[in-house]
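Here is the structure we will look at.
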Ligand code: SF4
């Protein structure tokens, strides 16, 4: 599973990381670290979807 990341729209709310810390890493300023696309590790698909739906800026788009 992959998640498209429109990181240019990230506002550093950290909601993605709060829901799925093993999927969405943040940088030192609280912005998403991934650029363009990230691979979700096996078993973390549901967490990835939860984290994506929690993003108020619609930065994260799961591909399934
Ligand atoms: S929830 Fe959205 S805006 Fe906030 S850090 Fe994550 S990707 Fe960025």
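Below are the figures for this structure:
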| item | result |
| --- | --- |
| Filtered residues of segment 31-49 (kept if buried (at least 16 other Cβ atoms within 10 Å of the Cβ) and touching a helix residue (DSSP H, G or I) at 6+ places or on another chain (Cβ under 8 Å)) | 32, 34, 40, 47 |
| Matching residues, segment 11-30, being under 10 Å from the mean Cα position of the chain (by Cα) and surrounded by 15 or more Cβ atoms within 10 Å (Cβ to Cβ) | 14, 15, 16, 17, 19, 20, 23, 24, 26 |
| Given (1) in contact with a helix residue (DSSP H, G or I) (Cβ under 9 Å, 6 or more places away or on another chain); (2) more than 11 Å from the ligand (Cβ to nearest atom), index of the condition residue 15 fails | (2) |
| Selection from segment 18-30 of residues that are touching a residue at least 24 places away in the same chain (Cβ under 8 Å) and more than 9 Å from the ligand (Cβ to nearest atom) | 20, 22, 23 |
| Residue that is modelled with the highest pLDDT, among those in segment 31-45 that are away from the ligand (no atom under 11 Å from the Cβ), part of a loop (DSSP other than H, G, I, E, B) and under 11 Å from the mean Cα position of the chain (by Cα) | 40 |
| Restricting segment 50-64 to residues that are within 11 Å of the ligand (Cβ to nearest atom) and exposed (fewer than 13 other Cβ atoms within 10 Å of the Cβ), the residue that is farthest from residue 1 (Cα to Cα) | 56 |
| Selection count, segment 6-47, where residues are within 15 Å of residue 64 (Cβ to Cβ) and in contact with a strand residue (DSSP E or B) (Cβ under 7 Å, 6 or more places away or on another chain) | 4 |
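The values are calculated or read from the model by the stated rules, or taken from the named source; none is laboratory data. The structure presented is a predicted model; accordingly, all values stated were derived computationally and were not measured. Note that each Cβ is placed from the backbone with ideal geometry, even for glycine, and that neighbours are counted across all protein chains shown.
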